[in-house]
Protein chains: 2
Amino acid sequence: MDPNHEILFEPVRIGPKTLRNRFYQVPHCSGFGTEKPWTQAAHRGVKAEGGWAAVSTEYAPFSPDSDEAPLIAARFWDEDDMRALRLMTDAAHEYGALAGLELYHGGAHIANNQTRVPAVAPSQLASDLEAHVVPKEMEAGDIERVQRLWAEGAVRGRDCGFDIVYVYGAHAYLPMQFLSPFYNKRTDGYGGALKDRARFWLETLEVVRDGVGADCAIASRIAVDALGPAGIHLDEALEFIHLADDLVDLWDVNVGSIAFWSKDSGTSRYFEEGYQLEWTGGIREATAKPIVGVGRLTTPDRMASIVRGGAWDLIGAARPSIADPFLPQKIAEGRTDEIRECTGSNVCIMKVDGFGHLGCIQNATAGEEHRRGWHPERFSVASNAGKGVLVVGAGPAGMECAVTLGRRGFEAVHVVEASSEIGGRMRWIRRLPTLGDWGRIVDHRRVMLSKLRNVEVVTGRRLSAEGVRDYGAQIVIVATGSHWSGEGVQSSTHEPIDGASASLPYVLVPEQVMGGKRPAGPRVVVYDAEGYFVGPGIAELIAKEGFAVDLVTSLDVVSPISDLTLEGPMLRQHLHGAGVTMHRGVTILAIEPGRVSGEDEFGEPWATDTDGVVLVTQQVSDDALYRELVADRSALEAAGIEAVYRIGDCVAPRMISEAIFDGHRIAREIDGPDPAVALAFDRERHVPDIDPVPTR
Amino acid sequence: MDPNHEILFEPVRIGPKTLRNRFYQVPHCSGFGTEKPWTQAAHRGVKAEGGWAAVSTEYAPFSPDSDEAPLIAARFWDEDDMRALRLMTDAAHEYGALAGLELYHGGAHIANNQTRVPAVAPSQLASDLEAHVVPKEMEAGDIERVQRLWAEGAVRGRDCGFDIVYVYGAHAYLPMQFLSPFYNKRTDGYGGALKDRARFWLETLEVVRDGVGADCAIASRIAVDALGPAGIHLDEALEFIHLADDLVDLWDVNVGSIAFWSKDSGTSRYFEEGYQLEWTGGIREATAKPIVGVGRLTTPDRMASIVRGGAWDLIGAARPSIADPFLPQKIAEGRTDEIRECTGSNVCIMKVDGFGHLGCIQNATAGEEHRRGWHPERFSVASNAGKGVLVVGAGPAGMECAVTLGRRGFEAVHVVEASSEIGGRMRWIRRLPTLGDWGRIVDHRRVMLSKLRNVEVVTGRRLSAEGVRDYGAQIVIVATGSHWSGEGVQSSTHEPIDGASASLPYVLVPEQVMGGKRPAGPRVVVYDAEGYFVGPGIAELIAKEGFAVDLVTSLDVVSPISDLTLEGPMLRQHLHGAGVTMHRGVTILAIEPGRVSGEDEFGEPWATDTDGVVLVTQQVSDDALYRELVADRSALEAAGIEAVYRIGDCVAPRMISEAIFDGHRIAREIDGPDPAVALAFDRERHVPDIDPVPTR
């Protein structure tokens, strides 16, 4: 270990418990909750194994009037929920970590669509997160009931093995709603001056302490600055922390609110590593208790300097712990170059909140620990490890596949890449404005490839079908990627755009723009029918070069997928700031020199004059090599090739996370019955204990 | 029974099976799938009991490359899924109904976010439903695999008790994708001429028949006109039906595609009862097999005339069967006035696709049959049925509560309403353009109230707290509703709008508009910070009167909630057609005579001149009576009042469906431990079989 990092491995006492080091997995959503108890336990357990001193659940509602289903929280209502989470506390303890339970009440924001009870809040004010949710103003009995349920939840948590129980107030949830004049207009002793607005939170801490006694540490999570209206600001946070300090064993500090969660879970596009220190770095003066902070930290030197400087005692992490569950252990063993650094893409949040199950752009095993049995750092030797494997293409899928095959003990894996460098399209994506940290996808794999003696990387060599057959491998995996349609084939018409061809000087595709092609005049339309980062990225890039850019999208909003990564509002504000004019709901149907035309969302004609159009409509697989290979089975046989597979965008153009997953998966299953078809996985559903076939 | 309706009760043979009558619950989503087997069985079982001749599952994917999770389908992958759905087939058979399994493959549209495999489709064209999904073009092996899995799914279905298995092609799913030139650009014998585009579907029917033999009827669902590009049109549908007729036992016909599902599950706002007959009424000529059609049919005379006219053999229903599971039985018993007619609001679809669990605006028991044990037509006598109950207010919550209390055998229930008529706000909501059928909420309850001898309705009497205390009831339930803020209190600021007061001539709230108040001049701004039907409804109403209307919303889209009911695009088109100018993302912060001002989504100043503003910002509970009553416990005691509860919008302003649910729930639980707090319900999750408390 670098001696500079030793400070990170000092134990820290929090109330009655001791953390073995300073690495603390703060609560984060997963899509597992108490619905997928085995997945929950495996995911947190792997982090415990990787060296984190504490692993925490996601938000755990203890009351049916704080229920966000179908979003999956760790509903912690009853004994069966204790059974579910006991798997996790057992897993944490098995590896020497403490387990934290983030007890939570969302108050005004929660529609309770499945429990069908009203939201409750200090005052009857529509949620700033969900405008149609208008809560019940809590009566005295509601306050008593919620506090009682909070304490009962804490006791159940203690009983099923949790070491740390939370009074979660951050992110503009119920305790913060009482604390903030934005939500709290009460006049009954729970509103008004700060000490009265603090009363609900303080009383809750007290009843929880009364419940768990000295058996658990009590953590409280607080957004010390709402960075907007929905909460409090730093001066009041310091005052509140001072007021509550005796009741708390650990302050878990962050910033923002749930309607502006984007400012807490800040992506690398808009926030630097450690950005939260601007606000959470100054609360030491208000507290005598340990502090855990976050800020997408992945660099051990930075972590050590934060602790050394006294800002925080613990390095909190959600996303960096997903990207690399073994981050602490890698630092401890001096293998810091092997850390799989979080890219800050918030693909994890898209996966959880949009798709219901955690995943990660960097770590293909995240969320797969139980259901597919994938461990991030342990790999079984493949039963066919003696076969030579050729991977054609070193983009995200190809790189990940080669690394994973290497770790599965194949004797000889060759990755052959046509370009002079590995990385595939990541080589230019990382050059789009604000997307530099996504380059970590390549950087990490470059390190791993260089360390694997059984994997050879060959660049600058474009293989033909004949070249593949002559290569000498028994297994061939084609990972040749995809490209954007140069004819503007798009989802709404399934046809090329009239007059579109990327061979024309005034029609461009993203790859051409990144290669330097530009229109002859100053006006450019970027047409995005995809809705993620490429269209806006190109628009921002060329706007900064001085072009007058119209970003036109056929979709209802500019970059709807960025809304799933919490980036949408900032992305649009950013584009607005860069002078890009945005047009939503417009389908472009024709391009001619100097002009594009089509129709708007109401079917009305739409057109604009322009000097060039960048087409970001749909992608097309580069599958010619694969098709040529499989079309001639006898030639393959003659060449001694036993199997040809394809992975990543060459199969179907997908998000980067899925291309990487695909490369990983085929390597994990390369010795299975049919590597082209993914194996089944465990679903953890409740199955009736009956015969599947009725007696007739 | 009306003799005119007898034709509806004739049995119908479909292949090897016989339907006992002509009422057929077509497949529809529920949020239950194979995840909530008991709820699934109870929901379909209640319909079987209510007289439907067949009850069907929702879409049942048999292959992991057609997986829409987190949306809940009836994943039908393995033996455990057979166990799950066997509960449903048993329930159907117990009540003499056939059970149908809608085997399904979604092809190009399915992101497979949880299974993480690529979408597959005839051609590599981005989905018109999910623009970022670009599928794999199916190889010959993929076609063979999907067809084999379809047949294996059918065999599993047969084995666990299904009588009808589907080859589901409608809604632009995989078989339709092959059939439609919009999706299919193949040149390998599966594309080109109609007979080649039909090949996939025909082969699939054949392998399914080979699998199930004569043990099951085979139904095929087809959208006979896509009403847009994504499918086929009537002429080709007739040709295909003719081609496939020998392979099918039942044609389940509808219209539209999944990207325009709004045209299949058409709401009453934009589609008349029976509207699909325009397309599906003419396919008889192409087939010798029975036909089931749909079109939000609730009127028995209309149903009988359709059968008599020969258009269809079976009356299909999804939504009408949710609103009234006992519709067939009520017709059979001549109780047609008691049918709880579907309003055509698509709240069920919002519930399923938006919130993950079926519910209904009309039928509070939908989706609650198992988890809360509520039967739509059976009610236990309350243990406190001897108490007199006073319900104050006859809006949706109050009406439903009184009906349910009546059905629970209370000796004396009085509903006292201040207005001259029952219905609450539904009295004017049904007068908004296109919302007439929502009036069925009142109409049904008026009938039921008139039939319950133990329930008395008193109108035109406004009760004070003293009036309540003097009334003579032991249990009081306050259901006094809510009103729109006259000061423009809104979600984003939690403050009144500067200068707003509904007492001014140029500031209006919805209730005032419906009472006749109008601005002095021709220009009106309708400001909607809620996002459902009231703002757009008012805008359309006054635009049709000749006002120049600007509909301004603080939200990202006009009426986002209407997108959840599939109404959004049509609603916006309708407003556009009515001449309403729409402004999204604008927050109004100040009103002065002749002008409103605020800021746009980028924080830039925004203003417009106007003669008046209608404020649809947030609602506020009318809870003064409730508060006055509970503030004086001794007066209640002196008056012999044992309990005071409140329900519906008087607690917290909610959607109409939730107000009705609340009124129903308290009546169901009025003899429980604390009727103010909802009882727990079953969650059907998988719980580890361990002690909740670890051994220490």
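The values are calculated or read from the model by the stated rules, or taken from the named source; none is laboratory data. Values in this document were obtained by computation on a predicted structure and should not be read as measured data. With ideal geometry, Cβ positions are generated from the backbone for all residues, glycine too; neighbour counts draw on all protein chains shown.
Side notes on the structure shown:
- Condition check for A:Ala304: modelled with pLDDT of 95 or more and either assigned to a helix (DSSP H, G or I) or over 25 Å from A:Ala402 (Cα atoms) (or both): yes
- Verdict on B:Gly161 being of a type outside the set (A, V, I, L, M) and either surrounded by fewer than 20 Cβ atoms within 10 Å (Cβ to Cβ) or in contact with a Ser or Thr (Cβ under 7 Å, 6 or more places away or on another chain) (or both): yes
- Any chance B:Pro135 is in contact (Cβ under 8 Å) with a residue 40 or more places away in the chain, in the same structural domain as B:Pro27 (by TED's automatic domain parsing) and either within 25 Å of B:Lys17 (Cβ to Cβ) or crowded, with 24+ Cβ neighbours inside 10 Å (or both): no
- Those helices (runs of 4 or more DSSP H) of the stretch A:191-298 in which 2 or more residues are closer than 19 Å to A:Phe178 by Cβ occupy A:194-197, A:199-212, A:234-244.
- Members of the stretch B:91-115 found to be at the interface with chain A (Cβ under 8 Å from one of its Cβ atoms) and either under 19 Å from A:Glu530 (Cα atoms) or modelled with pLDDT under 95 (or both), listed by number: B:Ala111, B:Asn113
- Taking the criterion of being touching a Pro at 6+ places or on another chain (Cβ under 7 Å) and within 29 Å of A:Val677 (Cα to Cα), the residues of the stretch A:453-501 that qualify are A:Ser482, A:Trp484, A:Val489.
- Subset of the stretch A:146-178 that is of a type outside the set (Phe, Trp, Tyr) and closer than 11 Å to A:Ile222 by Cα - its residue that is farthest from the other protein chains (Cβ to nearest Cβ): A:Val167
- Counted residues, the stretch B:315-351 - those being within 12 Å of the chain's Cα centre (by Cα) and not aliphatic (A, V, I, L, M): 10
Every residue, every condition in (1) in contact with a strand residue (DSSP E or B) (Cβ under 9 Å, 6 or more places away or on another chain); (2) surrounded by fewer than 21 Cβ atoms within 10 Å (Cβ to Cβ), yes or no:
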| site | (1), (2) |
| --- | --- |
| A:Ser464 | no, yes |
| A:Val468 | yes, no |
| A:Gln474 | yes, yes |
| A:Gly481 | yes, no |
| A:Pro522 | yes, yes |
| A:Glu530 | yes, no |
| A:Ala548 | yes, yes |
| A:Val552 | yes, no |
| A:Leu566 | no, no |
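- Selection from the stretch A:243-258 of residues that are among the aliphatic types (A, V, I, L, M) and surrounded by fewer than 20 Cβ atoms within 10 Å (Cβ to Cβ): A:Leu243, A:Leu247
- Single residue of B:Asp80, B:Asp67, B:Asp90 found to be within 21 Å of B:Ile222 (Cα to Cα) and surrounded by fewer than 24 Cβ atoms within 10 Å (Cβ to Cβ): B:Asp67
- Filter result for the condition that a residue is surrounded by fewer than 22 Cβ atoms within 10 Å (Cβ to Cβ), touching a residue at least 60 places away in the same chain (Cβ under 8 Å), of a type outside the set (Ser, Thr, Tyr) and not assigned by TED's automatic domain parsing to the domain that holds B:Arg440, over B:Phe271, B:Phe240: B:Phe271
- Qualifying residue in the stretch A:583-595 (condition: polar (S, T, N, Q) and under 30 Å from B:Ser123 (Cβ atoms)): yes
- Looking across the stretch A:116-145, just one residue is assigned to a loop (DSSP other than H, G, I, E, B), more than 10 Å from every other protein chain (Cβ to nearest Cβ) and either over 24 Å from B:Ile497 (Cα atoms) or of a type in the set (D, E, K, R) (or both), and that is A:Met138.
- From the list A:Arg427, A:Arg407, A:Arg462, the one residue that fits, being within 22 Å of A:Gly537 (Cα to Cα) and either small (Gly, Ala, Ser) or in the same structural domain as A:Pro653 (by TED's automatic domain parsing) (or both), is A:Arg427.
- Within the stretch A:524-546, one or more residues are over 23 Å from the mean Cα position of the chain (by Cα), within 11 Å of chain B (Cβ to nearest Cβ) and on the phi < 0 side of the Ramachandran plot.
- Members of the stretch B:403-421 that are buried (at least 22 other Cβ atoms within 10 Å of the Cβ), under 13 Å from B:Arg462 (Cα atoms) and touching a Leu at 6+ places or on another chain (Cβ under 9 Å): B:Val415, B:Val416
- Residue pairs meeting the criteria (Cβ under 6 Å; at least 6 apart or on separate chains; first within 14 Å of chain B (Cβ to nearest Cβ), in the stretch A:488-511; second of a type in the set (D, E, K, R) and part of a loop (DSSP other than H, G, I, E, B)): A:Ser491/B:Asp128; A:Ser492/B:Asp128; A:Pro496/A:Glu487
- Of the residues making up the stretch B:563-586, those that are farther than 14 Å from B:Arg523 by Cα, of a type outside the set (Gly, Ala, Ser) and either at the interface with chain A (Cβ under 8 Å from one of its Cβ atoms) or in a loop (DSSP other than H, G, I, E, B) (or both) are B:Thr565, B:Leu566, B:Glu567, B:Pro569, B:Arg572, B:Gln573, B:His576, B:Arg584, B:Val586.
- Hey, A:Pro433 more than 30 Å from the chain's Cα centre (by Cα) and part of a loop (DSSP other than H, G, I, E, B) or not: no
- A:Asp550 fulfils the conditions (1) within 11 Å of chain B (Cβ to nearest Cβ); (2) closer than 30 Å to A:Ala259 by Cβ except for a single criterion, (1).
- Of all the listed residues (A:Glu637, A:Glu628, A:Glu684, A:Glu658), the sole one being of a type outside the set (A, V, I, L, M) and under 22 Å from A:Arg445 (Cβ atoms) is A:Glu658.
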